[in-house]
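Below is one structure, written out as structure tokens; the observations come after it.
The values are calculated or read from the model by the stated rules, or taken from the named source; none is laboratory data. Quantities reported herein were computed from a predicted structural model and do not represent experimental measurements. Cβ: placed from backbone, ideal geometry, glycine included. Neighbour counts: every protein chain shown. Surface accessibility is based on the protein's heavy atoms, side chains included, excluding ligands, DNA and RNA. Shrake-Rupley method; radii C 1.70, N 1.55, O 1.52, S 1.80 Å.
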Amino acid sequence: MSISWLDVRLGVRMLVKHPALTLVGGLGLAVAVALSAGFFAFSRAWIYPVLPLDEGHRVVAVENRHLDLNDEDRAALHDFFVWREEVSTLTDLSAFRRVTRNVAAAGGPPEPVVMAEVTASAFRVARIAPLQGRTLVAEDEVPGAPAVIVIGEDVWQTRFAGASDVVGRELRVNDVPHTVVGVMPDGFAFPNNDRFWLPLRAQPASFERGTGPALFIFGRLADGVSMRQAQAELTAIGEHTAREHPATNGRLRPVVMPYIHSLTDVQGITLWEVAQMQFLMSLLLVVVAFNVGILVYARTAARQREIAVRSALGASRARIVAQLFAEALVLATLAAAAGLVLADFGIAMGNGILASEMNGGMPFWLDTGLNTTTVLFTMALAVMTAAIIGVLPGLYATRRGVQLHQVGSNGADLGRTWTALIVAQVAIAVAVLPAAVATGWIEIERGATRPAYEAAEYVDVSLGRDSEAATSQGSDFGAALTEVMARLEADPTVAAVTFRASGSGRPDMVRVEDVPPPATSPGGHRVRAMGVDANMLDVFAIDIVAGRGFLPGEAEGNSRAVLVNEAFAEQVLGGGDALGRRIRHVEPGAADDGASHQWYEVVGVARNMVVNRLNPAHVPPGLIYPVAPGDLTDATLAVRMQPGVTPAGMAVRIREHVAAVNPGLRMGTVRSLADFDSQQELATRLIALVTLLVLVTVLLLSAAGIYALMSFTVTRRQREIGIRSALGAQPRQVLAAVFRRAGAQVGAGLVAGVSAAVLLDTVSGGSLLHGRHGIIVPALAVAMATVALLAALGPARRGLAVQPTEALRSE
């Protein structure tokens, strides 16, 4: 086949001539291309990216995997030292962990910074020389050695103004002076996204086996060694270690994997599996393309006389199919371009969400844009799509025997195949669309959840005790937290301050006395439990609607008082009275004999801290209990600002107060709760956008497919309608005959589709349609039937308008 510029021009003219097909088909193809190209870009960026280092593909990670839990165990300090001595298939075996430290330079205020504690061998793995000075060396890892630090080029510029004598100058890390010994070049951020590097000084003698810091372990494959060979050696060493230390290593086995998989927590996914997932993502495009192909075939079938005449004038079958392919390629190319724009927008939103959630920023190896490979992949999708929607209908329309038959007729022979297409299109639409509608609506409902307080008035920040960091003012976190809060309360820019425990502290599954657990969760009710300061509800202006709040001093000692929210009373207790109810926390999956668990009493019901106007059922049930600062080793401060104070200004004040109390406190990033809510909303919007686009696409294509098939079917009978009118048939009789046949086709599709939808929902236990089957299935059945009957009505009325003499003359 050869395609000329004239074919492309004709393709553009056909798009303009059929705007409905162009709009509906183009939108559907664009959404499907966006999903497929977006997943392709995501998989290349997060699952199998190119590590931008010298022979980066030979850098691998090593993890201990728990055989029962299928999860990594990073407390592998003892094993790391064994592997470093015994493994020969890996060179420069290294380890790192990411920590948050307070950094100050040249008398400036301390700022929380995420940095890497690494072994000196990590820089040999990277194979990148320092810009100034040296990298870390083995002597720096010895406990008691001088405190040193390596910094990145951007840190050199921002904190030291690019001073030529930066090597040898001082940075204070947790109020401890560290000497700058080297500067790494611009863009270097190995092993993750780091600009500060401290020596990793953790030694096995300081920790019992199975405990210690959480380490990421990595190295380079030795020359001529494959990952499989390295795995075989590590497996043998792991089995030997398991026999020697069954209590800690009996169920652990070391696993070698691509370096990035350890950082992204992607284990065991091969390129073949990624290809399979890509194929599944691309199946939507194939399905959409076939739907558009049906629309195109309906148009092509209406051009049978034109095709037959061109064939009679000498045009080969290949030439005609080439023109049809060119017309389809124009549509597919425009849809692919729109799909790339959509994919780029979605990827940008997704990266923004990830950047806000990732402590320390995005990884240095991440390619966040649409690269050339993704564009080429999308072009290939466009060609495949054009083949489906152009070549396949073209081959069928130009098959042997059709041209001669169509020269003297008005179109294609319909028969049972066309009837089967109508029945199948209706059945598939009614069977599949209800689940899509239900899922889309659920996502939209979830996205309507918002804070019940004025989020713009609050900031929060995590604080913790770093037991390994030297401090000049002790390590009593409870006392430090109390003093920080006292200083903030005295600050004129602060309206109120409170805290919550950073972790739940108690299991998030509860049993309520005399209330059976739900059938879907026989272990108990899933309820978010949170330890809080006694004044937290007051600070967030959350009212108590029943009972009382926490009493002064109730956090001290073994208090059994808890508060629940309105969602708890509604969802767990079925709207019953919560006051005086006794509950106990249970571990998911653990045996619950009731005797070994302490009972707690509900003393009050608080308003929900979040609201959902569309569906209050999406507000999660919650439970809070009082905790004292002395019971914690880390916490999250929540500060309510005075009017006119900005989050940036408050961040400076909080850092100053924390540094004044204890520079060694581990402090996170000060975060505006309004910004946090916006990021959460952004994630929800992205999910809702994708769901809505897919839903609208499927709905439009299904409706358009039914409309095209039915409309074309009746259009082909216009001559028959005219002849029947010429022979004396009344319009009512003619229309009844048309709709009888159309109704039979649509009815068969509705019966099959509704039956399939009900069966699928029953098999899923009602989770597929989320209890909305009584509304969604009938509504969609009526909608599709209406579309089909309207499609039949227009051509039938046009057939009645055909003059009887004209109809008889044509026959």
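I'm trying to understand the selection: among the residues of the range 75-99, which are more than 19 Å from GLU141 (Cβ to Cβ) and crowded, with 20+ Cβ neighbours inside 10 Å? Result: THR89, single match.
For the range 763-781, a residue qualifies if it is over 23 Å from GLU445 (Cα atoms) and touching a Leu at 6+ places or on another chain (Cβ under 9 Å), and exactly one does: ALA781.
For the range 154-168, the condition of being of a type in the set (D, E, K, R), loosely packed, with under 15 Cβ neighbours inside 10 Å and within 20 Å of ALA202 (Cα to Cα) holds for none of the residues.
Within the range 494-515, the set of residues being more than 34 Å from the chain's Cα centre (by Cα) and either open to solvent by 40 Å² or more (accessible area, probe 1.4 Å) or of a type in the set (Lys, Arg) (or both) comprises ALA495, GLU513, ASP514.
So, ALA674, is that one closer than 20 Å to PRO451 by Cβ, open to solvent by 60 Å² or more (accessible area, probe 1.4 Å) and among the small types (Gly, Ala, Ser) or not?
When the stated conditions are applied, ALA674 does not pass them.
Take the conditions among the β-branched types (Val, Ile, Thr), on the phi < 0 side of the Ramachandran plot and touching a Gly at 6+ places or on another chain (Cβ under 6 Å) and apply them to VAL87. Does it pass?
Working: among the β-branched types (Val, Ile, Thr): yes; on the phi < 0 side of the Ramachandran plot: yes; touching a Gly at 6+ places or on another chain (Cβ under 6 Å): no.
No; evaluated as a whole, the condition is false for this residue.
Checking the condition part of a helix (DSSP H, G or I), out of contact with any Asp or Glu (no Cβ under 9 Å at 6 or more places or on another chain), surrounded by fewer than 15 Cβ atoms within 10 Å (Cβ to Cβ) and not β-branched (Val, Ile, Thr), which residue from ALA230, ALA247 passes?
Sole residue among the options that is part of a helix (DSSP H, G or I), out of contact with any Asp or Glu (no Cβ under 9 Å at 6 or more places or on another chain), surrounded by fewer than 15 Cβ atoms within 10 Å (Cβ to Cβ) and not β-branched (Val, Ile, Thr): ALA247.
For the range 751-771, taking the residues that are in contact with a helix residue (DSSP H, G or I) (Cβ under 7 Å, 6 or more places away or on another chain) and at pLDDT below 80, the one that is nearest to LEU433 (Cα to Cα) is identified as LEU768.
Listed here are the residues, each with its yes/no results for (1) acidic (Asp, Glu); (2) surrounded by 19 or more Cβ atoms within 10 Å (Cβ to Cβ); (3) at pLDDT below 80.
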position	(1), (2), (3)
ASN291	no, yes, yes
ALA298	no, yes, yes
ALA301	no, yes, yes
GLU327	yes, yes, no
LEU331	no, yes, no
ALA335	no, yes, no
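Can VAL738 be described as modelled with pLDDT under 75, part of a helix (DSSP H, G or I), crowded, with 16+ Cβ neighbours inside 10 Å and over 50 Å from the mean Cα position of the chain (by Cα)? When the stated conditions are applied, VAL738 does not pass them. In a residue-by-residue description of the range 12-22, the property of being polar (S, T, N, Q), open to solvent by 10 Å² or more (accessible area, probe 1.4 Å) and in a helix (DSSP H, G or I) applies to at least one position.
Go through the range 62-80 and give me each residue that's in a strand (DSSP E or B) and either basic (Lys, Arg) or more than 27 Å from the chain's Cα centre (by Cα) (or both). Walk me through how you get there before you give the answer.
Let us first name the residues in the range 62-80 that are in a strand (DSSP E or B), namely 62-66, 72-73.
Within the range 62-80, ARG65 is the sole residue that qualifies.
For the range 516-530, a residue qualifies if it is closer than 23 Å to ASP634 by Cα and over 28 Å from the mean Cα position of the chain (by Cα), but none of them does.
State which residue is most open to solvent (accessible area, probe 1.4 Å) when the search covers only the range 596-616 and only residues that are under 19 Å from LEU563 (Cα atoms) and under 36 Å from the mean Cα position of the chain (by Cα).
So, considering only residues that are under 19 Å from LEU563 (Cα atoms) and under 36 Å from the mean Cα position of the chain (by Cα), the one most open to solvent (accessible area, probe 1.4 Å) is ARG607.
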